[in-house]
Amino acid sequence: MSCFLEEKDGSLNAVLGFKRDQLLYDIKNYAYIEGSVMDTESNHNRHMVQDVGEEGNVDRVTRVLNLTVAKCRELLYPYTKNELHRTELNDTLREPKVYGIVLSVPTDFSQTTLYLLENLIHEYLVCKAVSDWLSITNPAKAQVWEAKAEDAESEIRANLHARIARTRRRLHPF
């Protein structure tokens with residue numbers, strides 16, 4: 001993960017970067033642990049859960065990461081909206097070394113909020129990928145990881161809303 005600020009045309013851009021190899025490392029670790037603690041006597045089933053990072057399997061993880069990053073950009077819409085440029089869109093599998101999310105933020109945006117968002121988004125990406133993989137290999141455990149992903153998404157929304165919405169306090173004469 002990386003986070004840096006750049007000033008462009010009088011506004012402040014915060015760039016959140018998520019290294020693909022770090023995301024895959026976490027996904028593989030969680031899948032390995034899930035496979036290790038599986039209540040099964042079948043080594044084949046255990047092996048299927050743990051092989052998330054193997055050739056062919058990682059393609060599914062890549063598609064889920066690409067989709068989830070796009071969803072994160074949409075979750076952060078007030079800060080990520082961009083002008084539409086004419087580009088050709090297709091479904092070619094892309095494996096970027098770094099997934100980037102550029103946020104246009106006001107100058108008084110809190111650095112701590114950026115760090116929190118960065119960590120929550122990393123967690124969200126990993127949990128969504130693990131949940132998807134387990135939905136194929138061990139459906140009973142997929143629900144646990146989907147719940148973790150939903151918790152991270154809720155926290156992202158809550159922190160984003162806290163930054164957008166102004167708090168109005170009524171004046172009390174006494």
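The values are calculated or read from the model by the stated rules, or taken from the named source; none is laboratory data. As the structure is a computational prediction, the values presented were derived from the model and not from experiment. Ideal geometry is used to build each Cβ from the backbone, glycine not excepted, and the neighbour counts take in all protein chains shown. The protein model used for the area step is the full one, side chains on, heavy atoms only, and it has no ligands, DNA or RNA in it. Shrake-Rupley method; radii C 1.70, N 1.55, O 1.52, S 1.80 Å.
Among the residues making up segment 103-116, those that are within 21 Å of residue 23 (Cβ to Cβ) and either open to solvent by 70 Å² or more (accessible area, probe 1.4 Å) or out of contact with any strand residue (DSSP E or B) (no Cβ under 7 Å at 6 or more places or on another chain) (or both) are 115, 116.
Given the condition in contact (Cβ under 8 Å) with a residue 12 or more places away in the chain, touching a strand residue (DSSP E or B) at 6+ places or on another chain (Cβ under 6 Å) and of a type outside the set (Gly, Ala, Ser), answer yes or no: does some residue in segment 38-50 qualify? First the steps, then the outcome.
Within segment 38-50, the first condition is being in contact (Cβ under 8 Å) with a residue 12 or more places away in the chain, and the residues that meet it are 38, 45, 47-50.
Next, only the ones that are touching a strand residue (DSSP E or B) at 6+ places or on another chain (Cβ under 6 Å) stay: none.
No, segment 38-50 has no match at all.
Among the candidates 45, 29, 57, 82, the residue that is modelled with pLDDT of 95 or more and more than 16 Å from residue 18 (Cα to Cα) is uniquely 29. Looking across segment 43-73, just one residue is over 17 Å from the mean Cα position of the chain (by Cα), over 18 Å from residue 142 (Cβ atoms) and of a type in the set (Gly, Ala, Ser), and that is 56.
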